[in-house]
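Got a structure here, written out as structure tokens. Questions coming.
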Amino acid sequence: MSVAANIRERQMVIRGVFIAAALALIFKAMHLQLIDTSFKDKADIAAIGRYVKYPARGTIYDRNGNLLVYNNPMYDLMVTYNQLDPQMDTTRFCTLTGMTKEEFTTALAKDWKSGRFSKSVPFVFKSKISADDFARFEESLYEFPGFFVQLRNARGYPHKFGAHVLGYIREVNKREIERSGDEYAPGDYIGASGLEKEYEAYIKGEKGVQLILKDNLGRQVGSFNDGKSDTPPVAGKDLITTLDLDLQAYGETLMVNKIGSIVAIEPQTGEILAMVSAPYYDPNLLTIDNQNRSKSFTQLNSDPLKPMLDRSILAQYPPGSIFKTVVALVGMQEGTLSPDRGVSCGGAYVFNGQRLTGCHSHPGCHNVEASIQYSCNAYYVTVFRELIDRYGYTNPQKGLDVLNTYLDRFGLGSALGVDVPGERNGYYPTSKYYNDIYKREQGRWKSIWVRSLGIGQGELLVTNLQLANLAAIIANRGYYYTPHLVKELRDLHGNVERIAEFKEKHEVGIENRYFTPVVDGMEKVVISGTARSAFIPDIPICGKTGTAENNQGSGKDHSVFFAFAPKDNPKIAIAVYVENSGWGGSYAAPIASLMIEKYLTGTIRKEREFLQKRMLDANLIPASKP
């Protein structure tokens with residue numbers, strides 16, 4: 001082949017290569033521009049949208065596995081303003097969503113200059129949509145670009161009991177958002193009371209985040225990084241409470257048309273079996289998805305009977321004669337009272353020939369056991385004064401200070417630390433208090449002036465929870481565990497967490513032997529004393545009645561009773577406080593005995609049904625309190 005021919009052949013090959021390369025480039029450009037739009041789409045991407053995925057809130061159960069609080073799904077209809085179709089059929093949209101055109105216009109009208117809203121960022125268009133309402137327009141939502149639904153959870157209650165204990169949730173306020181860092185955002189829900197508030201950190205769960213690619217018009221293009229960068233929500237922990245649903249329900253039923261409280265505790269653990277406050281309300285009234293929630297809240301808040309007040313931990317009452325058990329125990333421990341000490345009573349405590357503190361007619365009190373059985377006022381004014389004056393008649397301050405150290409150990413001077421928010425302290429007067437009261441006498445007050453303390457009156461105040469805990473201390477013969485409502489926390493994987501602070505044993509500093517005469521006396525209170533209405537033949541109940549003075553100017557005095565059963569190896573300690581109902585044996589004692597029988601046997605025997613009916617039918621709301 002000649003040199004010229006060889007050159008021409010090479011030129012042809014080179015031209016062929018260039019032509020093939022040009023054709024390949026043309027084909028690729030045509031594929032990218034006409035067939036595959038992924039590069040164009042990615043080029044148009046302007047932002048990554050961050051969408052919150054809300055977790056399921058932890059559910060709440062009673063000690064036997066009965067469901068007390070569950071999650072009720074509801075939906076927020078979200079909208080991105082600049083994705084709306086200007087030609088959308090607003091009439092059809094409003095029909096599907098149950099809105100008026102005025103509501104539609106108002107929901108879209110935002111102050112875009114305020115910085116709170118952006119036309120390219122989704123905001124809540126309509127909130128708290130029920131599952132049924134959502135189902136009505138779910139299939140048609142695709143017709144309306146810019147709208148999407150975000151799942152939320154409201155609370156639901158299968159039973160109408162336990163509202164004060166369980167609590168309710170509400171939307172977070174501005175201050176809570178600011179103090180939480182990034183934990184809460186506008187529209188989030190938070191526990192507002194009860195266990196919902198106390199255990200918020202455990203049951204709220206952790207939000208998840210979904211990242212979505214968006215174009216420069218705010219439209220969703222796809223999942224960022226194929227979803228690998230998303231964070232799934234983590235459900236909150238379930239609460240397994242110490243409550244017995246059947247006992248709680250029975251207690252609330254017994255307290256209908258009454259004002260007061262019932263607290264029942266398992267003595268050996270401090271677990272609260274029932275915590276009733278009356279009047280009570282149906283917790284379903286305050287659920288987030290209740291359309292009448294605001295109206296219900298206003299009505300409950302303005303009710304003169306204060307149904308939202310948890311009287312178990314917030315109401316402070318004088319303990320009445322129940323306090324005599326403490327005076328007896330401290331007196332014996334301090335050596336100012338012997339178990340066989342007798343005190344004569346002629347119907348009153350007599351001082352310098354004057355009858356100062358009256359007492360009801362009863363047999364003679366020849367020892368501590370009988371003094372508890374007959375609840376003798378003269379006996380306990382005497383014992384109280386001897387305890388206070390042990391360092392001299394002119395130095396009652398020191399004696400009172402010693403008594404108050406015991407009151408602290410018994411948990412009567414401060415909050416016990418129950419795991420619901422708002423618990424109030426008890427109150428006892430100090431020597432400084434009396435020094436200030438009697439400062440005109442240079443603080444030289446005398447025990448005779450404050451003798452009412454010895455019978456549980458005067459300035460003494462306790463909560464009903466503290467009375468139930470006192471019953472548990474006597475049942476245990478000298479110790480208690482902090483009363484609590486949550487048994488354990490449980491996550492989705494079944495892992496269980498118990499709360500260590502409720503495992504600490506609190507000793508009150510009274511020797512075991514001194515409890516014997518008090519316990520025996522309490523047993524006789526029920527057998528043949530002031531609480532015979534609480535007697536159950538085959539259940540040894542040890543109890544003590546009290547009648548606390550009503551200083552509010554309306555209604556009768558308050559009926560008080562605390563007890564435990566059985567006498568040996570007790571399973572339940574209980575305190576019942578019924579306002580405006582007279583002496584302790586009239587209503588508080590029968591209600592307590594019915595609660596004890598219900599818990600220990602699961603039923604009320606036929607021969608005691610008349611007593612149950614009398615308690616159920618009683619209306620003790622004072623006429624002045626409509």
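Here are some residues: S294, S321, S277. Which one is at pLDDT below 95 and more than 30 Å from E386 (Cβ to Cβ)? Walk me through how you get there before you give the answer.
Numbers: S321 fails: more than 30 Å from E386 (Cβ to Cβ); S277 fails: at pLDDT below 95.
The conditions single out S294.
Also: Quick test of your reading of the structure: L286 fulfils all but one of (1) within 30 Å of A472 (Cα to Cα); (2) crowded, with 18+ Cβ neighbours inside 10 Å; (3) under 15 Å from the mean Cα position of the chain (by Cα); (4) of a type outside the set (G, A, S). Name the failing condition by number.
(1)
Filter the stretch 497-526 down to residues that are surrounded by fewer than 17 Cβ atoms within 10 Å (Cβ to Cβ) and within 22 Å of the chain's Cα centre (by Cα), then give me how many there are.
Residues that pass the stated criteria total 7.
Shifting gears a bit: Filter the stretch 537-556 down to residues that are crowded, with 20+ Cβ neighbours inside 10 Å and either more than 23 Å from L620 (Cβ to Cβ) or in contact with an Asp or Glu (Cβ under 9 Å, 6 or more places away or on another chain) (or both), then give me how many there are. So that I can check it myself, show each step before the final result.
Here is the first cut: in the stretch 537-556, the ones crowded, with 20+ Cβ neighbours inside 10 Å are 541-548.
Imposing the further condition that a residue be either more than 23 Å from L620 (Cβ to Cβ) or in contact with an Asp or Glu (Cβ under 9 Å, 6 or more places away or on another chain) (or both) reduces the set to 541-543, 547-548.
Residues flagged as crowded, with 20+ Cβ neighbours inside 10 Å and either more than 23 Å from L620 (Cβ to Cβ) or in contact with an Asp or Glu (Cβ under 9 Å, 6 or more places away or on another chain) (or both) within the stretch 537-556 amount to 5.
Limited to the stretch 404-414, what total is found for residues that are assigned to a loop (DSSP other than H, G, I, E, B) and either buried (at least 24 other Cβ atoms within 10 Å of the Cβ) or at pLDDT 95 or above (or both)? Outline the logic, then answer.
Within the stretch 404-414, the first condition is being assigned to a loop (DSSP other than H, G, I, E, B), and the residues that meet it are 410-414.
The next check asks that each one be either buried (at least 24 other Cβ atoms within 10 Å of the Cβ) or at pLDDT 95 or above (or both); those that pass are 410-412.
Summing the residues that are assigned to a loop (DSSP other than H, G, I, E, B) and either buried (at least 24 other Cβ atoms within 10 Å of the Cβ) or at pLDDT 95 or above (or both) in the stretch 404-414 gives 3.
Out of the residues in the stretch 362-396 that are more than 20 Å from G347 (Cα to Cα) and under 40 Å from the mean Cα position of the chain (by Cα), state the one that is surrounded by the fewest Cβ atoms within 10 Å (Cβ to Cβ).
L387
Give the stretch 369-403 a look and list any residue that's of a type in the set (A, V, I, L, M, F, W, C) and not in a helix (DSSP H, G or I), or say none. Quick ask: steps written out before the conclusion?
Looking only at the stretch 369-403, we keep the residues that are of a type in the set (A, V, I, L, M, F, W, C), and these are 370, 372, 376, 378, 381, 383-384, 387-388, 400, 402-403.
Result: C376, single match.
If you don't mind, another one. Residue under question is R424, and the condition is that it be surrounded by fewer than 18 Cβ atoms within 10 Å (Cβ to Cβ), among the charged types (D, E, K, R) and part of a loop (DSSP other than H, G, I, E, B); does it hold?
Numbers: surrounded by fewer than 18 Cβ atoms within 10 Å (Cβ to Cβ): yes; among the charged types (D, E, K, R): yes; part of a loop (DSSP other than H, G, I, E, B): yes.
For R424, the condition - surrounded by fewer than 18 Cβ atoms within 10 Å (Cβ to Cβ), among the charged types (D, E, K, R) and part of a loop (DSSP other than H, G, I, E, B) - is met.
Quickly run through the stretch 332-368 and pick out the residues that are in a strand (DSSP E or B), touching a helix residue (DSSP H, G or I) at 6+ places or on another chain (Cβ under 9 Å) and among the polar types (S, T, N, Q). Walk me through how you get there before you give the answer.
Of all residues in the stretch 332-368, those in a strand (DSSP E or B) come to 343, 348-351, 354-358, 365.
Now narrow it down to the ones that are touching a helix residue (DSSP H, G or I) at 6+ places or on another chain (Cβ under 9 Å): 343, 348-351, 356-358, 365.
Scanning the stretch 332-368 gives a single hit, T357.
Please verify whether the stretch 593-602 includes one or more residues that are over 20 Å from L247 (Cβ atoms) and either acidic (D, E) or at pLDDT 95 or above (or both). Give the steps one after another, and end with the answer.
Kept after step one, since they are over 20 Å from L247 (Cβ atoms), are these residues of the stretch 593-602: none.
Scanning the stretch 593-602 turns up no residue that is over 20 Å from L247 (Cβ atoms) and either acidic (D, E) or at pLDDT 95 or above (or both).
Ok, one more. For I448, only one of the following conditions fails: (1) at positive phi; (2) in contact with a strand residue (DSSP E or B) (Cβ under 7 Å, 6 or more places away or on another chain). What is its number?
So I448 meets the others, but not (1).
Name the strands (runs of 3 or more DSSP E) wholly inside the stretch 479-576 in which the number of residues that are among the small types (G, A, S), under 30 Å from K258 (Cα atoms) and touching a residue at least 24 places away in the same chain (Cβ under 8 Å) is 1 or more. Even if it seems obvious, please write down each step before you answer.
On the way: elements: 479-481, 486-490, 505-507, 542-548, 558-565.
Those strands (runs of 3 or more DSSP E) span 542-548, 558-565.
Can you tell me which residue among N290, N301 is outside any helix (DSSP H, G or I) and free of Cβ contacts under 8 Å to residues at least 60 places away in the same chain?
Going through N290, N301 in turn, just one is outside any helix (DSSP H, G or I) and free of Cβ contacts under 8 Å to residues at least 60 places away in the same chain: N290.
Turning to a different aspect of this structure: Looking for something of a type in the set (S, T, Y) and in a loop (DSSP other than H, G, I, E, B) - is there at least one such residue anywhere in the stretch 585-593? Outline the logic, then answer.
First pass over the stretch 585-593, keeping only residues of a type in the set (S, T, Y): 586-587, 593.
Pick out the ones that are also in a loop (DSSP other than H, G, I, E, B) and you get 586-587.
Yes, there is a match, as at least one residue in the stretch 585-593 is of a type in the set (S, T, Y) and in a loop (DSSP other than H, G, I, E, B).
Look through N464, N469 and report the one residue that is out of contact with any Lys or Arg (no Cβ under 8 Å at 6 or more places or on another chain) and either polar (S, T, N, Q) or modelled with pLDDT under 95 (or both). Can you show your working first?
Numbers: N464 fails: out of contact with any Lys or Arg (no Cβ under 8 Å at 6 or more places or on another chain).
Residue meeting the stated conditions: N469.
Answer yes if at least one residue in the stretch 305-315 is assigned to a helix (DSSP H, G or I), within 39 Å of the chain's Cα centre (by Cα) and crowded, with 16+ Cβ neighbours inside 10 Å, and no otherwise.
Our first condition is that a residue be assigned to a helix (DSSP H, G or I); within the stretch 305-315, this holds for none.
Among the residues of the stretch 305-315, not one is assigned to a helix (DSSP H, G or I), within 39 Å of the chain's Cα centre (by Cα) and crowded, with 16+ Cβ neighbours inside 10 Å, which makes the answer no.
I'd like the residue in the stretch 195-210 that is touching a Ser or Thr at 6+ places or on another chain (Cβ under 8 Å) and surrounded by fewer than 17 Cβ atoms within 10 Å (Cβ to Cβ) and, out of all such residues, is modelled with the highest pLDDT.
G208
I'd like the full set of residues that are assigned to a loop (DSSP other than H, G, I, E, B) and among the charged types (D, E, K, R), limited to the stretch 84-105. If you could, list the steps in order and put the result at the bottom.
Restricting attention to the stretch 84-105, the residues satisfying the condition of being assigned to a loop (DSSP other than H, G, I, E, B) are 84-89, 98-100.
Correct list: D85, D89.
On to the next question. For the stretch 320-339, indicate whether the set of residues that are under 23 Å from the mean Cα position of the chain (by Cα), surrounded by fewer than 18 Cβ atoms within 10 Å (Cβ to Cβ) and not basic (K, R) is non-empty.
As a first pass, look at the stretch 320-339 and keep what is under 23 Å from the mean Cα position of the chain (by Cα): none.
Scanning the stretch 320-339, I find no residue that is under 23 Å from the mean Cα position of the chain (by Cα), surrounded by fewer than 18 Cβ atoms within 10 Å (Cβ to Cβ) and not basic (K, R), so the answer is no.
The values are calculated or read from the model by the stated rules, or taken from the named source; none is laboratory data. Just so we're clear, the structure is a prediction, and the values are computed from it rather than from any experiment. When we count neighbours, we look across all protein chains shown, and the Cβ atoms used for this are built from the backbone with ideal geometry, even at glycine.
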